[in-house]
Every structure is written in structure tokens, then in C-alpha cells.
Amino acid sequence: MSKGKYYITTAIAYTSGTPHVGNSYEIVLADSIARFKRKDGYDVYFQTGTDEHGQKIELKAQEQGVTPKQFVDGVAGEIRRICDALNTSYDKFIRTTDDYHERQVQKIFKRLYDQGDIYKGYYEGMYCTPCESFWTESQLVDGKCPDCGREVKPAKEEAYFFRMSKYADRLIEHINTHPEFIQPVSRKNEMMNNFLLPGLQDLCVSRTSYTWGIPVTFDEKHVIYVWMDALTNYITGIGYDADGASGEQYHKFWPADLHLIGKDIIRFHTIYWPIFLMALGEPLPKQVFGHPWLLQGDGKMSKSKGNVIYADDLIDFFGVDAVRYFLLHEMPFENDGVITWELMVERMNADLANTLGNLVNRTISMSNKYFSGQVENRRVGVDAGAEDVDADLFRAAADTYGRVSKKMDELRVADAITEIFALFKRCNKYIDETMPWALAKDEAKRDRLATVLYNLLNGILVGASLLEPYMPETAEKILAQINAAPVDFAVLEECAKSGDAARAAALYPDANKVTETPEILFARQDLKELIEKVDAMFEARKAAAGASAADQAAEEVPADVIDIEPKAEISYDVFDQCQFRVGEIIDCREVPKSKKLLCSQVRIGSEVRQILSGIKQHYRPEEMVGKKVMVLVNLKPREIAGMMSEGMLLCAEDAEGRLALVTPEREMPSGAEIC
């Protein structure tokens, strides 16, 4: 019996280039949730796809000498291929260049215009091309885009705007009355404090400065802003019609049960998207989860460095299911995860090859060695101590589904996998406790030996059945080797709810026969050999890209140097107008309603100045206090985020965007001039 519908979506991937492995995490995460829900009795619809319009894509196509459609066709095909390579079970792959989607976006825009939610005006501000966003001067952080930290340029153009403020109070009420709507809670707090409570500005929803977009039907010099185009895929992909003729599938699956997105686009999905839906009179999605990022532990992935890791690379080295395990297991619920070659080898050897692979292999091998592969449950003549050991294993088998299900309901997927591997570890411990090899030496304990092996296979069966959503190929291989069908989740749920350890202890078919030759599930990896292969791969990639002799010579430069675009030369007289002094930070606080700003009180000689800096992501307020820093003191004061800033702290920035305050090499007094 179905538990009901479950509609899950990923963010649609932007087709500006081939995604690296960090971008692939989201589709694997969504797939594991979709697979679990299907096995748990839900009617699941899983949608993913590609976002294919916008200025950035138009520029990329121009650089390559192709049309925008040719460009996105190639990238979208590659993104879909990667999804398939990672064995994801999506039901729909939508492209925003699909004809039906474009028609509905045009109809949605016209409807919102006709009902007065969209109006025509002019936009003047600072424009960030990578983010495709306009910003006011007060929204910039140190003169740069507050979202990505890149340069912005002044721009003015005619545009259509959406009246966001009209729906702001209604959205605030919805968020307050639906605490599950935005997860994790930290993302909710960020949206409320930084955007909604200070007051929403009307949103620019069309552009005239580029042409690669969906035209506004009644004003074709305008194309529809990429976010209105992209966000509506969640309803157009399941049959929404703006004229009121939405299909059966839409009525069945909307509202979405889960929008799974990266934390960097949480604002668009929890503010803009809900307001668009309110204006259309449609229900809001039940939950939006802004997952953290997967970062490369030994430096930022960069095509210029030649160190970008793609999903294909990891699949070639480790196999599909090992990659799925890495991606899912190494991501905390709320904080960014880190992936390194060393960590992957450690997980491969310890978790996959040893805990799981060795458990399956030696259990099957012992069954073949002692009973020619025949498996029987002979629970007779066991002593009390042995029964206690068995009972503990039975409880673990009975309880694991409940623990996994609870973690999945909370979207704590890494913790769910940990619970499954806890069962495999318990099986390994059971081998140490019962010592089958010792039992095999005593003919009188042959029944006990048969029961021990049965109990092990039963535990492996439960674990493999639960493992399928995360590592489907591995689960299939295990079940084939132990010659058993997966246990239905409904049965596991009954065992967990009733605490029926006895039933959970007899799920493996009695009088069964395992495979004669167990397959090695995961081969152990040698880190040194792997690193050599990785280095060779990156070198080959650079060579294939046609690196020049100058490029090769540049590789001899220390890895920690970076180059930046030079600014125009200035005269000494211009430079001499800048005054730099040593300041001591005596107090530092977070700026309310800002995710990037810290407010420091800086003693410069006998004077104390207030200076705002966009370094909140790099320094905690408490670690700022007491630092001696380099200050540009004759910078004209200006208002930032409603507060006055009376100078500038100087920082260095590396290629990964990390900042470090510039400090004196040796102890210097506050107020000392830097010359």
C-alpha cells in the first residue's frame, strides 16, 4: 500500500560549463532520498535538469564561436551523461530550452503582468555578470558583489519589475508558521534577518542587454530574467498550465515535498520562488533544504590549475558506488564537507573493503568451507552466553531500519549511512565473539556453527536491503552472492516498530545456498600509487589542453603564488596622498543583518575609529580583538549597512578567496606610520 506521493527536485544545473564533482553531490544526494522513499512505499517523482538561458551563456557561446543553443546542447548533454554515470534514478530531466517550458514561462509572465504584479520601469545599479544580479551601492561589500565577491559594473536599462513587497508579509507569516519550510534552521534565520525583515525591494524580472533568453511576448526587446525562467521548471516539468488547464500529473504531485538546492541559491528558492507561487495562487513547496558544499581539501578546484576533479575521474579510480559513498558519507548536515584523495583511500580501505567487503567475503567463504554453501538455521543446543550474543545482533537487525528512517526524515543522509554500517560492524564483531573457525574444530558444535553463519547472513541481508538507495549496485551484488531477495522495507518497519527481534532474526531464507565463489566488492587502494596516477592524469589534462612552453615554465613557480589583473599605473604624487598607519583592534562585533560584515573599533594613536570590513566569513569577532593591522586612514567615511565606516583594513586574498589581514612583521605601536 502506497504511503502517498513524494515529489523531489534538485536545482537545475547552469549550463555554463561541465560540473565538477562538488556539483555532482546534489544529484547523488537527491537520488538516495528518492530511492529510499520508493523502497519505503512512496509514489516518487524525481526531477532534475538544466538551466540554459542568461548573459553568461551568451558570452560563453560567443567565445567559442557557436550559437547559444549549440553551446547549451553540448553542456546539457554532458550534465545528463554525468547524472547517468552516477546511476541516478531521475524520472524527468527538464531543460529550460524545452518548448513547453518556454511557452509556460511566457504565459506566467503575461499573467503576472496583467494582474499588476509586474510593471515596467528602469533599473540603475551595480551589475554582477556571474550572478546576473543588480545591486545598490549600499548592498555591495567592499565595493564588490555581496554574493560572490566579484567585481561589479554600473549599468542602467529598461526592465520589468515584480512587486515583491506585496507578498512579503504573507511569506514571513508562512515561514513563521511552517518551521519545517526552510532547512537547516540557520538558512531560515539568514533569509529572515538579512532579507525579509529589513524589507524586500522589487525584483528585476526582465533584461534588454542580452538576447539569449525567453522573449516577453508583448515586448520582445525584453527577455525574461533567468531566475523567473529557471524557478518555474519545478511546475512546468510536471504539467502546470498558467491558463488553468494543468495536467493530472501536476495535480497529483504539486506541491513539491522537497526542493534540494545548494546553500548559495537559498534566497531565490525561499523568497523569490514562494512569492511567484503566491502570485499565481499555487501552494508553496513543503520544504526547501539548502545543503552545504563539498570542497576539495587540498585547494580550490580550478581549470587554470588543472586540478579540477570530475565525477568521471573518481568513477575510474574507485567505481560508481564508492564515489556515491564518498559524496554522501562525507557531507555533514549543515557544514561544508571536504574531499581529499587521502580521505577517499581511507574510506575505500577501512569502510568499503574491510568493514563491508571483507564481512561479505569471509561469511560466504566460511559457509562454503564448512557447509558447501548450504545455509541452515539450527537454533538448538546453544548456551546462554551465545544466546545473549545472538540477541544483541538480532536487536541491531531489528532496530536499524528505524534509526535509518528517522535520519532520512531529517535529511541527515550521512548519518543514515553510518547507521547501516554500524550494523555491518556489529556483524564483524559477532564473528569475533563467536569465532566460527573455533566452532568448526568441534563436531559437537556443528549446529551452533550453522546457526552463527545463518545469523551473519541474516544481518548482511538486512544491511544490504537498507544499503540499496545509497549504493544500488553494491547492494545488488551482495544479494546475488547470498542468493536472497531484498527485504521489503514494510517488513523492516514492522520489526522496528514492534521490536520483534525474533522476526528480524529469521528474514534470510532457511535451507538456502550461497554462491560458490564470492566476488571482491571493493579492492584496497595504495595511496602512493593512486597519487601517482592522479598526478599523471592532471599532467595529461594540461598537455591535452595545449599548454605552451611558457605555461610549463610557470608550473615551476611556487604553488602559493597568484597573479591578478594589473591596474593602471599611478604617479608617486597620487600614491603619496594615501596614508597608512598601524591600528590596534580593541573591539569587534558582527554587523546585524549582514552575512559578511564585521564592525571593528580600531585604536590609531590616540584616536579610535569604527571600520566595517567584509571579512565575517574569515574571522570571528573574538579573534580580531588585539590584532595590529594595516589601516588606510584617510579614506573618505561612508555609510555601509546603516553604519559609518571611517577607514579600511587591508587584507591579502588568495586564489581561493580566503582573506588574511595585513599585519606588521614585528611589534609596532598603534598609530605608527606605514611608509
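Since every read-out is calculated from the coordinates, none of them should be taken as a lab result. Here the structure is a predicted model, which is why all the values come from computation and not from measurement. Please note: Cβ atoms are built from the backbone with ideal geometry, for glycine as well, and neighbour counts cover all protein chains shown.
Points to keep in mind about this one:
- One chain, two ends: Asp264 and Thr67. Fully extended at 0.36 nm per residue, the span grows by 68.0 nm beyond their Cα-Cα distance.
- In the chain, taking the dipole from charged Cβ atoms about the Cα centre, the farthest positive-side position among Ala505, Ile224, Pro669 is held by Ala505.
- The local environment of Thr67, defined by Cβ-Cβ distances under 13 Å, has a net charge of -2 under the rule Lys, Arg +1 and Asp, Glu -1.
- Projected label distance in nm at Arg541 and Arg603, using a 7 Å step from Cα toward the beta-carbon: 5.0
- Taken over the stretch 340-513, the percentage of Cα pairs per 10 Å bin, counting from 0 up to the bin with the maximum distance, is 10, 40, 36, 13, 2, 0.
- With the charge dipole of the chain set up from +1 on Lys and Arg Cβ and -1 on Asp and Glu Cβ about the Cα centre, the Cα lying farthest toward the positive end among the listed residues Phe93, Val141, Ile570 is that of Phe93.
- Ordered by the number of other Cβ atoms lying within 10 Å of each residue's own Cβ, fewest first, His174, His251 fall into the sequence His251, His174.
- Cα lying deepest toward the dipole's positive end in the stretch 414-477, options Phe424, Thr434, Leu453, charges on Cβ: Thr434
- Net lengthening on full extension, Asp388/Val534 (0.36 nm per residue, minus Cα-Cα): 47.7 nm
- Within the chain, helix-based [θ] at 222 nm, where runs of 4 or more DSSP H residues each add -39,500 (n - 2.57), nearest 500: -12500 deg cm²/dmol
- Of every Cα-Cα pair in the stretch 572-674, the percent that sits beyond 19 Å: 41
- The length gained on full extension between Ser372 and Thr515, counted as 0.36 nm times the residue separation minus their Cα-Cα distance, comes to 50.5 nm.
- R0 of 51 Å, Cβ-Cβ distance Asp432-Leu295: FRET efficiency to nearest 0.05: 0.85
- Relative contact order (%) - the chain, alpha-carbon pairs under 8 angstrom, separation at least six: 12
- Contact order normalised by residue count of the stretch 568-675, Cα under 8 Å, 6+ apart, percent: 31
- Beta bridges by DSSP in the chain, antiparallel share as percent, to the nearest 5: 65
- Between Glu124 and Glu623, the modelled labels are 4.3 nm apart [label points 7 Å from Cα along Cα→Cβ].
- About its Cα centre, the dipole of the chain is roughly 1140 debye, where the only charges are +1 on Lys and Arg Cβ and -1 on Asp and Glu Cβ.
- Semi-axes of the equivalent ellipsoid of the chain are 52, 33, 25 Å, computed as sqrt(5λ) over the eigenvalues of the C-alpha gyration tensor in descending order.
- Mean Cβ neighbour count within 10 Å, used as a protection proxy, ranking 34-47, 315-328, 60-73 highest first: 315-328, 34-47, 60-73
- Sorting Glu590, Glu639 by the number of Cβ atoms found within 10 Å of their own Cβ, with the fewest placed first, yields Glu639, Glu590.
- Between Phe218 and Ala490, the modelled label-to-label distance comes to 5.3 nm, taking each label 7 Å out from Cα in the direction of the beta carbon.
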